[in-house]
1. Using a Förster distance of 60 Å, how high is the FRET efficiency between A:Ala151 and B:Ile159, based on the Cβ-Cβ distance and rounded to 0.05?
2. Would you please state which residues of segment A:182-207 a label at A:Arg239 would reach in this model, taking the label point 7 Å out along Cα→Cβ and a backbone N cut-off of under 18 Å?
3. Which links in A:Lys105/B:Lys188; B:Lys132/B:Lys194; A:Lys90/A:Lys227 stretch past 31 Å when you go from one Cα to the other?
4. Have a look at A:Pro106, A:Pro226, A:Pro29 and tell me which one the Gaussian network model of chain A (Cα, springs below 10 Å) gives the largest fluctuation.
5. Show me the helices of chain B, taken as full DSSP H stretches, that run 24 Å or more along their long axis by Cα and average 1.0 or above in Kyte-Doolittle hydropathy.
6. Efficiency by 1/(1 + (r/R0)^6): what FRET value for B:Asn130 and B:Gln28, r their Cβ-Cβ distance, R0 = 22 Å, to the nearest 0.05?
7. Let me know the mean shielding of B:157-165 by other chains, meaning the per-residue number of their Cβ atoms within 10 Å of its Cβ.
8. Using only the alpha-carbon atoms, how far is helix A:118-127 inclined from the longest principal axis of chain A? Give it as 0 to 90 degrees, nearest 10.
Amino acid sequence: MKLTLKIWRQENATAKGSMQTYSLDGVSPDMSFLEMMDVLNEQLMEQGIDPVAFDHDCREGICGSCSMFINGEAHGPDRLVTTCQLHMRKFKDGDTIHIEPFRAKPFPVIKDLVVDRTAFDRIQHAGGFVSVNTSGNTQDANAIPIEKADADKAFDAATCIGCGACVATCKNASAMLFVSAKVSQYALLPQGQVEATDRVLNMVSQMDEEGFGNCTNTGACEVECPKGISLENIARMNREYLSANVKG
Amino acid sequence: MGVVLSSTILRKVAMALSGLFLMLFLLQHFAINITSVFSEAIFNQFSHFMGTNALVQFVLQPILIFGVIFHFVMGFVLDIQNRRARGTRYAVYKGNANASWVSRNMLISGGTVLAFLVLHFYDFWVPEMNYKYIEFLPEDPNRYYEELVHKFEDLTRVILYVVSFFFLALHLSHGFSSSFQSMGFNNKFTPVLKSIGKVYAVGIPAGFAFIAIFHFLNH
């Protein structure tokens, strides 16, 4: 496959970036998207050009590191996959592919396609945890009976890998899907009840402080989420938030 | 008000509540207007009641006007905030790959409805306020039907109304179910609620369009 790649290049966080065009030949349809980027970078280095910086780690769809906005969609045109799981067979010989970083004010570009997603970490620190006494008398979590339906929903929410595709794809750069998944995974379990009120209030407050947009229920986040996190979680978070406000 | 504006979720809930209130009003407005198709007397009777009842005039009407202004101002405020949250815009953004045009363009459909409301207020509300509270003309319980029919003698107005009702239908088709999601309702009843929303979103604007066309053809 021969491809034309239009890639966002930006020297550093303060530099002005722009889309640059590169030609790449000999791309196998069996390559993953990141392997294609590796081949491009080898070619660029041979030409004495600075390689394209991009985030990656596990390359098996678990870590949530890869963060490219490909042809107008977070993680590209495939569904329920991260960029590292996207294969070049999804493209055709002669295609032009636009590759941009995830765009959001709270996700500033560090270099090229690498963005700073520590806003998500700060939201997690604000309440995305349960306080457990680890003095040696910790109760086995499996000893607490939990209804199967709730356990399944909590697990579904917990599969969120915090990649930021929801923010990148939402026309409002809203982080509601991510935050709602992190609220839901505890809201559905007995272990999460003790800190439930503070958790949702603090996490939403931190989300707002970071400058993410408002959810307008377009549902784009749910479609583009590589883990298929449901909008049901956003409704649950809204309920939790309203109830927490009433409780004070 | 400060509390409502302080959080993204409360802002959305406020939008949902004001939207649901406006949808309830729209249903009542339609229920009265559709009588004009069947009976001049019944329409005049309802209109006279609505136009002279103190509770409707001095309590519900100000609440309604506040609701309309709040919904529109909040809509624009949310849109400005959302644009700021994106920062640098994408070179390529395939919005139609994952969300409907209607859900992504509530500002366009809502803005069209706002422009329509200016015309609608100019057509009916301003003359009504002038009649009752500025010129203090003697109340005539039988004037309402004639006033309505007279307005829809003009083809341009009928076309503007019908086009606006189309955009109203688009706005409602997302707004109805969206308002329930914003308030935290997403469960086994959601598919039923969405179906009711579609019927409402098509039925009410189509009904209003029918009333306008009926009186144009019937005059």
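1. Efficiency, from the Cβ-Cβ distance: 0.55.
2. A:182-201
3. Beyond 31 Å: A:Lys105/B:Lys188; B:Lys132/B:Lys194.
4. A:Pro29
5. B:8-33, B:155-182, B:190-218
6. Once the sixth-power term is evaluated, E becomes 0.40.
7. 0
8. With both axes taken from Cα atoms, the answer is about 10 degrees.
Values quoted throughout were computed directly from the atomic coordinates according to the rules given, and no laboratory measurement underlies them. Because the structure is predicted, anything quoted here is derived from the model rather than measured. Every residue, glycine among them, receives a Cβ derived from its backbone with ideal geometry; neighbour counts consider all protein chains shown.
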